[in-house]
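Below you'll find the structure, written out as structure tokens, and then a few comments.
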Amino acid sequence: MALSTAAVASASGYSVQLVRDLEALGVLSPAVRAANGYRVFSAHHVAELRVYRQLALAAGPVEARRVLQEVRDLPLDEAVARVSGLHTELSRARSEALAARRALLVIDAEPQVGEDSMTITQLAEALGVRTSALRFWESEGLLHPTRVGRAARVYPVAAVREARIVVALRTAGHRIPELRATMAALRETTARPLESLDAHLASLTTRTLALLRAGSGLAELVSGG
């Protein structure tokens, strides 16, 4: 059944302009051109847009566009591997978040490292890390000790807890850019780290479900259906 751009936009929930843009970018299969130059779409294009919607939710719109552009031209085995990589990335992120959650539960169950401010040497010894690691984390914006005089660092109770969180998340495999964003978000909200991780896990579940919903449509694209 022939569909106009407006009809496809209405069926997919996207704007007419976005439908045109996605077709021009190769996210959608090329539309047939009528004698008057207008695009002629089909139900297949509506299905492709539904795949794009779920994929954008799972991986973000930029990555979704990139994947849908690439899998049309890749050999079958490479296209399958490209899509499988999305599942692998979400699974990795979930495993890291669960490991971090377990680490934070351990931290909450442990006695406090100290009830008073600590020097960098005291904190490094208490956490089992080098003082150079604490300095590096500070340079990356993960820790904010106070300064006494020109050089001496002092870690108040709040900074000590932040350092414990950083150690737990680093142990769980979190990279510095991820940690920077996490610590910044924790300072801007009243949420506890555990609650933030639970929200992150819920988001990963939503994204994984979206990727699963896109599955059959992606399989058809990959196989050239």
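Using the alpha carbons alone, the radius of gyration of the range 1-67 stands to its Kirkwood radius in an Rg to Rh ratio of 0.97. According to the Kirkwood expression over distinct Cα-Cα pairs, how big is the hydrodynamic radius of the chain, in Å? Kirkwood hydrodynamic radius for the chain: 20.8 Å. Computed with a 1.4 Å probe over protein heavy atoms only, the accessible surface of the chain comes to 54 Å² per residue. Normalised by the number of residues in the chain, the average gap of Cα pairs under 8 Å and 6 or more apart makes the relative contact order 25 percent. Under a 5 Å amide H cut-off, with hydrogens placed 1.01 Å from N, Leu3 pairs with Phe41, Ser42 among residues at least 5 apart or on other chains. Of all complete DSSP H helices in the chain, those with a Cα span along the helix axis of 20 Å or greater and a mean Kyte-Doolittle hydropathy of 0.5 or more are 157-171.
Close amide H contacts of Thr119 (hydrogens built in the peptide plane, cut-off under 5 Å, sequence separation of 5 or more or a different chain): Tyr155. Summarise the accessible area of the range 1-58 (1.4 Å probe, protein heavy atoms) by the percent that is carbon and sulfur. After summing per-atom areas, the C and S share lands at 60 percent.
The values are calculated or read from the model by the stated rules, or taken from the named source; none is laboratory data. If you're wondering where the values come from, they're calculated on a predicted model, not measured in any experiment. The accessibility values were calculated without ligands, DNA or RNA, using every heavy atom of the protein model including side chains. Shrake-Rupley method; radii C 1.70, N 1.55, O 1.52, S 1.80 Å.
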